[in-house]
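Peer 1: Here you go, one structure.
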Amino acid sequence: MDYFVTGATGFIGKRLVRKLLSRPDSTVHFLTRSSELEKLESLYAYWGVDRSRTLPVVGDLKQPQLGVAKAEQKRLKGKIDHFFHLAALYDLGASADEDEAVNIAGTRNTLAFAEAIAAGRFHHMSSIAAAGMFEGIFREDMFDEAENLDHPYYRTKHESEGIVRKECKVPWRIYRPGSVVGDSRTGEMDKIDGPYYFFKIIQKIRKLLPPWLPTVGIEGGRINIVPVDFVVDAMDHIAHLEGEDGKCFHLTDPHPHRVGDVLQIFARAAHAPDMGLRINAALLGFIPKGVKKSLFALTPVRRIRNALMKDLGLPDDILDFVNYPTRFDCRETGRALAGTGIAVPPLESYAWRLWDYWERHLDPDLFVDRTLKGQVKGKVVLVTGGSSGIGKAVAHKLAEAGAVTITVARDKEKLAEAKREFEADGLELIAYSADISDQAECDDFVRQVTEEYGGVDILVNNAGRSIRRAIENSFDRFHDFERCMQLNYFAAVRLTLGFLPGMLAKKKGHIINISSIGVLTNAPRFSAYVASKSALEAFSRCAASEFTDRGIDFTSINMPLVRTPMIAPTKLYQSVPTLSPEEAADLVVDAIIHKPVRIATRLGIFGQVVHAVSPKVAQIIMNTSFRMFPDSTAASGQKEGAPAQPTADQIAFSQLMRGIHF
């Protein structure tokens, strides 16, 4: 038996071809473009048959009679028993012109070709979209009753089916599958559409919240999901039955789930929190269309919506289909498949396979270069305070990744030592000696870097000064506050202002500010330090609001306590948990790769939440730590003595509040 298949290289098509080839003495002729002939090797391997049984026919769906040569048409005439037309656009996000060219004109061209070669039977793959947004139950014998066909995809699928019904001169059968997902046995899928659009949201919720915490989901209409293996098996079986010409078959689930249930099933498959509370999207229907149109005409609303949809990977009109109103009767399909064992498996039984395959093979994040090298190779990156501690660890990682790594610090000897360490590892560190807290030196440094390297692509404001001293011991030390502000705030802002013009000219840039967990927890004894870091964060938030549409990103890292030379004078810190400079550098690397607005530990975020919800409780907690851990001997004006051993309370508290400044 000979078959002809359009769309044989597609997700459903290549599986149908394999199914047809499993029949004895079958040969499949399939449409392909001339440019794709060299790419067919993987298909031949997938089908696993001799090439004499899979014969490519060069043509183009958009050409009259598929653009197939007359000699080829003559060779095929009267030879094809079954002609399967699967080639179409199944993308809700495709343009109206694309839908017209492929779904309507393509179907007419295909039909003309099938008639020209005198095919025995024409099988048309339509879609439940042909029903439009029909209110109620749509039967297999219904067609003209379709309504609300405003969307280009729905309209063109309806019209292409109408072409077959009205113009086809050979016996025909039509198949309307539901929303086709991956194989129920392997999870295999080749693109993201239908329910897959919501997988990224579920993944984000899983990463953000613990699995035991209930979340809010949405409720809507029923979404008819069918696995590709069911569609192929059903289509193959029905196509070969006698006496079924001129009929339409719904390849659908007779027991479809509501949108909320589908999301819940996939959330459980992903080990994400249950969507215990659901908001019915039908409530949006009470908002007059004029009001919604006016609302989304507002620039801020439109930009926020577009940003959210882009971040979640959702097509613009996906929410229009949440309240899908149509149910599909499939009794003809059920009759035709009776006794075969071909049926739609319960979604719960294979949802985990779909999720697992998506997360391993289709997750868009898999195709984004998440390596540091991919982000910084060949770019100019400035890390202030790179002669030691966090700065040196960050600079080392950047140099290893191929960045043009620049640092600046005051101590020439430490800079020289750092350069020697880098050279010993085969790396280059471009070091400048300057006091960036001095206005003239800072400006001169910016000028030199701009002249020699054309500015910087990424600025890491890491250089900082920390002072651990209670306010009651600082009444006569106003200079402590001035010095912190001069380096931690004014120097960082001056560098930012100096390099921003170059970033704006290139329409891209990233400024990373090393802040402190103390900004979130309001750490006592660090009023000078935390105030300067808070000022820098406030500046960054304001700047980000101005430049977010100009390609400039700002990130604040609320760094927990790190074991660096800056904290060495405080002997107490020898006994409390801290990050190593390399671990701290990993947070900076994460900032460079992902460009988040903020990076903070869970404890830091918890501290900020407690302070926002119940500031008095937050004050009591921090005051407890203030009284539990004394000032250093230098800060309190006492003579240096042997460091006191931490008490049991201090050890327990420091373990519980890991990373917080005491």
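The values are calculated or read from the model by the stated rules, or taken from the named source; none is laboratory data. All values derive from a computational prediction rather than experimental measurement. A quick note on method: Cβ atoms are made from the backbone with ideal geometry, for glycine too, and the neighbour counts reach across all protein chains shown.
Peer 1: Quick one: is residue 221 assigned by TED's automatic domain parsing to the domain that holds residue 277 and surrounded by fewer than 21 Cβ atoms within 10 Å (Cβ to Cβ)? Break it down stepwise before answering.
Peer 2: On the way: assigned by TED's automatic domain parsing to the domain that holds residue 277: yes; surrounded by fewer than 21 Cβ atoms within 10 Å (Cβ to Cβ): yes.
Answer is yes for this residue.
Peer 1: Given the options 164, 232, 216, name the one that is touching a residue at least 24 places away in the same chain (Cβ under 8 Å) and within 17 Å of residue 334 (Cα to Cα). Lay out the reasoning, then the answer.
Peer 2: Working: 164 fails: within 17 Å of residue 334 (Cα to Cα); 216 fails: within 17 Å of residue 334 (Cα to Cα).
Selected residue: 232, the only one of 164, 232, 216 that is touching a residue at least 24 places away in the same chain (Cβ under 8 Å) and within 17 Å of residue 334 (Cα to Cα).
Peer 1: Go through 426, 464 for me and flag whichever is surrounded by fewer than 21 Cβ atoms within 10 Å (Cβ to Cβ), under 39 Å from the mean Cα position of the chain (by Cα), assigned by TED's automatic domain parsing to the domain that holds residue 391 and not aromatic (Phe, Trp, Tyr).
Peer 2: Working: 464 fails: surrounded by fewer than 21 Cβ atoms within 10 Å (Cβ to Cβ).
Result of the check over 426, 464: 426.
Peer 1: Name every residue in the range 546-567 that is crowded, with 20+ Cβ neighbours inside 10 Å, of a type outside the set (S, T, N, Q) and either modelled with pLDDT under 90 or in a loop (DSSP other than H, G, I, E, B) (or both), in order of residue number.
Peer 2: 559, 560, 561, 562, listed by residue number.
Peer 1: Anything in the range 340-353 that is out of contact with any Pro (no Cβ under 8 Å at 6 or more places or on another chain) and either touching a residue at least 40 places away in the same chain (Cβ under 8 Å) or acidic (Asp, Glu) (or both)? List them, or say none.
Peer 2: 340, 342, 343, 347, 348, 349, 351, 352, 353
Peer 1: Now for a different question. Is it the case that the range 141-151 has a residue that's in contact (Cβ under 8 Å) with a residue 24 or more places away in the chain, more than 22 Å from residue 244 (Cα to Cα) and in the same structural domain as residue 82 (by TED's automatic domain parsing)? If you could, list the steps in order and put the result at the bottom.
Peer 2: At the first step, the residues of the range 141-151 found to be in contact (Cβ under 8 Å) with a residue 24 or more places away in the chain are 141, 143, 151.
Next cut, more than 22 Å from residue 244 (Cα to Cα) only: 151.
Filter once more, so that each one left must be in the same structural domain as residue 82 (by TED's automatic domain parsing): 151.
Yes: the range 141-151 contains one or more residues that are in contact (Cβ under 8 Å) with a residue 24 or more places away in the chain, more than 22 Å from residue 244 (Cα to Cα) and in the same structural domain as residue 82 (by TED's automatic domain parsing).
Peer 1: Between 457, 444, which is at pLDDT 95 or above and within 21 Å of residue 585 (Cα to Cα)?
Peer 2: On the way: 444 fails: within 21 Å of residue 585 (Cα to Cα).
Selected residue: 457, the only one of 457, 444 that is at pLDDT 95 or above and within 21 Å of residue 585 (Cα to Cα).
Peer 1: If you don't mind, there's one more thing I want to ask. What strands (runs of 3 or more DSSP E) lie completely within the range 234-335 and have 1 or more residues being of a type in the set (S, T, N, Q), under 30 Å from residue 161 (Cα atoms) and at pLDDT 90 or above? Can you show your working first?
Peer 2: Working: elements: 247-251, 277-280, 326-328.
It comes to 326-328.
Peer 1: Identify the single condition in (1) surrounded by 18 or more Cβ atoms within 10 Å (Cβ to Cβ); (2) in contact with a Lys or Arg (Cβ under 8 Å, 6 or more places away or on another chain) that residue 155 does not satisfy, given that it satisfies every other one.
Peer 2: (2)
Peer 1: Among the residues of the range 340-385, what is the count of those that are within 25 Å of the chain's Cα centre (by Cα), within 30 Å of residue 225 (Cβ to Cβ) and part of a helix (DSSP H, G or I)?
Peer 2: Number of matching residues: 19.
Peer 1: Also, I was wondering about something else. Select from the range 340-351 the residues that are surrounded by fewer than 18 Cβ atoms within 10 Å (Cβ to Cβ) and either modelled with pLDDT under 95 or closer than 19 Å to residue 259 by Cβ (or both) and list them in ascending order.
Peer 2: Selection gives 346, 348.
Peer 1: I need the full set of residues from the range 509-538 which are buried (at least 24 other Cβ atoms within 10 Å of the Cβ), modelled with pLDDT under 90 and in a helix (DSSP H, G or I), in order please.
Peer 2: Within the range 509-538, 517, 518, 519, 520, 521, 528, 529, 530, 532, 533 qualify.
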